[in-house]
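Structure first, then comments.
The values are calculated or read from the model by the stated rules, or taken from the named source; none is laboratory data. Fair warning: this is a prediction, and the values are worked out from it, not measured in the lab. Note: ideal-geometry Cβ built from the backbone for every residue, glycine included; neighbour counts use all protein chains shown.
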Amino acid sequence: MPFIDLKAQYAALKDRIDARMQAVLDHGQYIMGPEVKELEERLAGWTGAAHCITVASGTEALLIALMALDLKPGDEVITSPFTFAATAEMIVLLGGRPVFVDIEPDTCNLDATLVEAAVTPRTKAIMPVSLYGQTADMDALNAIAARHGLAVIEDAAQSFGATYRGAKSGNLSTLGCTSFFPSKPLGCYGDGGAVFTSDAALAQACREIRVHGQSARYSHTRLGVGGRMDTLQCAVVLAKLERFEWELQRRHALGARYQRLLGEIGVERLAVRPERTCVWGQYTVFVDDRPRVQAALQARGIPTAVHYPKPLHHQGAYAAYAPADACPHAVRAAQRVLSLPMSADLTDAQQDRVVEALAACLRSA
Ligand SMILES: *Cc1c(COP(=O)(O)O)cnc(C)c1O
C-alpha cells in the first residue's frame, strides 16, 4: 500500500483536475492567471482570513511572512526544534535567531507554558508549528504575544483544514503559512503555498514581497523575492477543493479509527486536545525500538516514515542555537515517533492491515 495515496486521489478527481488544467493551457496566463485570484478568494473564504496570498511553496510562505514583519539580523523568533527544517531555516536565512523552546511530549507541539520565559527584548515573533495536523495552544501563545508586542506566525504546513475552538488553522494568529506540497492535507502537483492574514498592511507587504517588492510594475519599493505560485498549480488546488470536505471527514474518521484500534493493542498515541480537531497531516505514534518496528512493518509491505529523526538543534545547521541537552522532550520524541500510512483514500481494509501488522510486531517484541 502507498504511504500517501495520490494516485487514488487523482483517479477520483481526474475529470475536474484535467478540465481545470486544460483551461489554463487554453487561456495561457501561466503566471498570475485568473485561477490565482480565484484560489486566493476561495481559501480566504474557507479559512475566514481577510487575505490569502498564494506563494511558491510553504517555505516561501514562511520567508515572506517573516520579511513582511521586517525581521532584522539579530531578531529572535521563538519556535519548536521538532519540525521540518524550513521553519527555522527561513529565520536564519534572514539573519534572525531561532530560539528553541521544548514541545509537549503528548502532542509534540510547542509547549506554550515555556514560551514566556524565552521572551527577550530581541524577540520579534513566536512561530508555533501545527505538527501532524493539530495546532498548538494558540490562545495562550496569542496572549503572550499581546503582552509583549510580538507577532505570531503559525506554520500550518501540515494542518490546513484543522480547527482550534472552531476557527480554522491558518487564521489563528497574525500570519498563517501553509504548504500545498503534494503530500500535505491540501496539495497541488508540484510546489505551492499560501500566507493568510487579516492585517491589510501585512497582506499588502506579502503581495509586494512575492513579486520582487514591487508596489507597481517596475517600482521596487522594498526587497522581495520571486515567490509566486504557478497558475497551473492553483488550478490543481481549485479542483481538489471540490472534494476537500469529504477528504477532511475521511481523515477525521481514519484518525479516530487509528486512535481507537491502536489504543486497543496498547500503542502510545498522540493526544488531541478537546478544543482542537486534527487533520492528521501525518498519522504518528510513539514506539520503542523504532528500527525493528519499521523493518517488521516493511517486511509486511507497510511503508512508514519518521517525522523527524533529529530535533533541529541536533542538526549541523542549527546546533549553534541550543545546547544538545536542551529541549529533552523533542530529543526523546525524535527517537520514538513513527508515521503510518495516512491519506483520505486509505481504505478501512488497508488500515486494518497496518494495525494487524503493528500488533504482530509488538507481540513478538
Ligand atoms: C512541508 C513543511 C514546510 C515546507 O513546505 P514546502 O511547501 O515543502 O516548502 C514547512 N514547515 C513544515 C512543518 C512542513 O511540514
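Here PHE244 fulfils each of the conditions (1) under 22 Å from ASP70 (Cβ atoms); (2) more than 16 Å from the ligand (Cβ to nearest atom); (3) not hydroxyl-bearing (Ser, Thr, Tyr) apart from (1). What number of residues within the stretch 182-191 satisfy the criterion of being buried (at least 20 other Cβ atoms within 10 Å of the Cβ) and either among the polar types (S, T, N, Q) or within 8 Å of the ligand (Cβ to nearest atom) (or both)? Count: 1. From the list GLN259, GLN282, the one residue that fits, being closer than 30 Å to LEU358 by Cα and either crowded, with 22+ Cβ neighbours inside 10 Å or within 16 Å of the ligand (Cβ to nearest atom) (or both), is GLN282.
Each residue in the stretch 115-149 was checked for being more than 16 Å from the ligand (Cβ to nearest atom), among the β-branched types (Val, Ile, Thr) and closer than 17 Å to THR83 by Cα, and 1 pass. For ALA157, are the conditions met, namely being over 10 Å from the mean Cα position of the chain (by Cα) and of a type outside the set (Lys, Arg)? Here the answer is no, as ALA157 does not meet what is asked. Could you check how many residues of the stretch 272-299 are farther than 26 Å from PRO182 by Cα, in a loop (DSSP other than H, G, I, E, B) and touching a residue at least 12 places away in the same chain (Cβ under 8 Å)? Of the residues in the stretch 272-299, 5 are farther than 26 Å from PRO182 by Cα, in a loop (DSSP other than H, G, I, E, B) and touching a residue at least 12 places away in the same chain (Cβ under 8 Å). Within the stretch 210-227, identify whether any single residue is buried (at least 22 other Cβ atoms within 10 Å of the Cβ), of a type in the set (A, V, I, L, M, F, W, C), modelled with pLDDT of 95 or more and in the same structural domain as ILE17 (by TED's automatic domain parsing), and answer yes or no. No, because not a single residue in the stretch 210-227 is buried (at least 22 other Cβ atoms within 10 Å of the Cβ), of a type in the set (A, V, I, L, M, F, W, C), modelled with pLDDT of 95 or more and in the same structural domain as ILE17 (by TED's automatic domain parsing). Taken as a whole, the stretch 163-181 holds at least one residue that is surrounded by fewer than 24 Cβ atoms within 10 Å (Cβ to Cβ), modelled with pLDDT of 95 or more, assigned to a loop (DSSP other than H, G, I, E, B) and within 13 Å of the ligand (Cβ to nearest atom). Taking (1) touching a Leu at 6+ places or on another chain (Cβ under 9 Å); (2) touching a residue at least 40 places away in the same chain (Cβ under 8 Å); (3) among the aliphatic types (A, V, I, L, M) in turn, LEU93 satisfies each apart from (2).
Take the conditions (1) within 16 Å of the ligand (Cβ to nearest atom); (2) assigned to a loop (DSSP other than H, G, I, E, B); (3) surrounded by fewer than 23 Cβ atoms within 10 Å (Cβ to Cβ); (4) not acidic (Asp, Glu); VAL152 misses just one of them, which is (2).
For the stretch 160-181, a residue qualifies if it is over 13 Å from the mean Cα position of the chain (by Cα) and of a type in the set (Gly, Ala, Ser), and the qualifying residues are GLY166, ALA167, SER173.
Among residues belonging to the stretch 211-243 that are out of contact with any strand residue (DSSP E or B) (no Cβ under 9 Å at 6 or more places or on another chain), part of a loop (DSSP other than H, G, I, E, B) and touching a residue at least 60 places away in the same chain (Cβ under 8 Å), point out the one that is nearest to PRO185 (Cα to Cα). So the residue we want is ARG243. Residues in the stretch 52-84 that are closer than 20 Å to LYS310 by Cβ, in a loop (DSSP other than H, G, I, E, B) and more than 8 Å from the ligand (Cβ to nearest atom): SER80, PRO81, PHE82. Is it the case that some residue within the stretch 324-335 is within 12 Å of PRO81 (Cα to Cα), under 25 Å from the mean Cα position of the chain (by Cα), part of a loop (DSSP other than H, G, I, E, B) and not aliphatic (A, V, I, L, M)? For the stretch 324-335, residues within 12 Å of PRO81 (Cα to Cα), under 25 Å from the mean Cα position of the chain (by Cα), part of a loop (DSSP other than H, G, I, E, B) and not aliphatic (A, V, I, L, M): present.
Checking the stretch 182-189 against the condition returns no match, with no residue being more than 19 Å from the chain's Cα centre (by Cα) and either in contact (Cβ under 8 Å) with a residue 24 or more places away in the chain or assigned to a loop (DSSP other than H, G, I, E, B) (or both).
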